[in-house]
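What follows is calculated from the coordinates using simple rules that are stated; it is not laboratory data. Nothing here was measured: the structure is a model prediction, and the numbers come from that model. Here Cβ is always computed from backbone atoms with ideal geometry, including for glycine, and neighbour counts include all displayed protein chains.
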Amino acid sequence: MALVCSACLPEYVPETSATEGTSSGGAADDASESSSKVTIDPNGDSSTGAPPAPTATPDCGDGDVAGGEVCDDGNRVDGDGCSATCDSDETCANGVVDRAVGETCDDGNLNADDGCSPACQIEVGRVAEFSFQDTDADDVAPEALFEFFGGLAPTMDQFIFVEVVGPSGGVSSRPGAWCAERADWYVEQYLIHAAGGMLVQSGDWARWSRDDGQPWSDPSPVGKDNHIGSTCAGPWSWCSEWNVNIHQGMGIANLINPASLDAELSAGVAKPPGVTWTLTVRVSDTRLGACEF
């Protein structure tokens, strides 16, 4: 599991406008513990901007549950209690978002007020949140963000918030936050590319940024680079909305690298030793719910 270092980060480049779906392959484009079980193949084709459909096992549909199948009802049809890929019994709280039976989320539990209702519907006005503190220890599982995103099924009308916060003063306070429309795009791109690698550019929707302790910026329609997986700092990492914050003349991105042993977060420079940074990622139906403004 690689450490984050400032020399490893993508080089700062001036802002350029981008359109949704622009991508550039990384060196590992063909590379292949939480409650959610994700059925999305992170190495799939991203040409449509959406995760590819799960692939059925060779024996799916023969009526015998075998070879990693969760169920097998003798056919490959969704919506009848066993998915067309035999990997879900299409019940709420199994960790798989079964759209054929009307689920819009599935976080692997039947709890209310956690962003996904006991009926596996996104709770309107509620917030799905992922957060951890980055110390000098190994603080989070490598696939933790992947599994959080895998339990969601965001829409193009939802908002996403990403923030890295450190103690005030000095280089350790350089992290900031960004907020954007189109939560679905960010979630889908991360799920597709996190295990491999890809540079993708966000589209011309609104995004806001906030440097260390400063007010939110005006909305910007300028798309940003998102280095995911090997094009950032290795599998499961995300250099999010690169250059969205400008701090002391240098482009800053909130880098999330759960696979690192002792520096899971970075913002232009790696987290200094002995300092604790906190990551928060939120997805909500409203900007107020996600970004608190």
Next item on the list: Could you tell me which of rounded, prolate or oblate describes region 80-199, using a ≥ b ≥ c as the square roots of the eigenvalues of the alpha-carbon gyration tensor, with rounded for a/c under 1.5 and, failing that, prolate when a/b is larger than b/c and oblate otherwise?
Entry: prolate
Notebook entry, point to check: Sorted from fewest to most neighbouring beta carbons within 10 Å, what does the list 178, 208 look like?
Noted result: 208, 178
Item checked: HN-Hα J in Hz across region 278-287 - Karplus 6.51, -1.76, 1.60, θ = phi - 60°, x for Gly and Pro -> 10, 9, 9, 10, 10, 10, 8, 5, 10, 5
Check: According to the square roots a ≥ b ≥ c of the eigenvalues of the Cα gyration tensor, what is the shape class of region 57-131, taking rounded for a/c under 1.5, prolate for a/b larger than b/c otherwise, and oblate for the remainder?
Finding: prolate
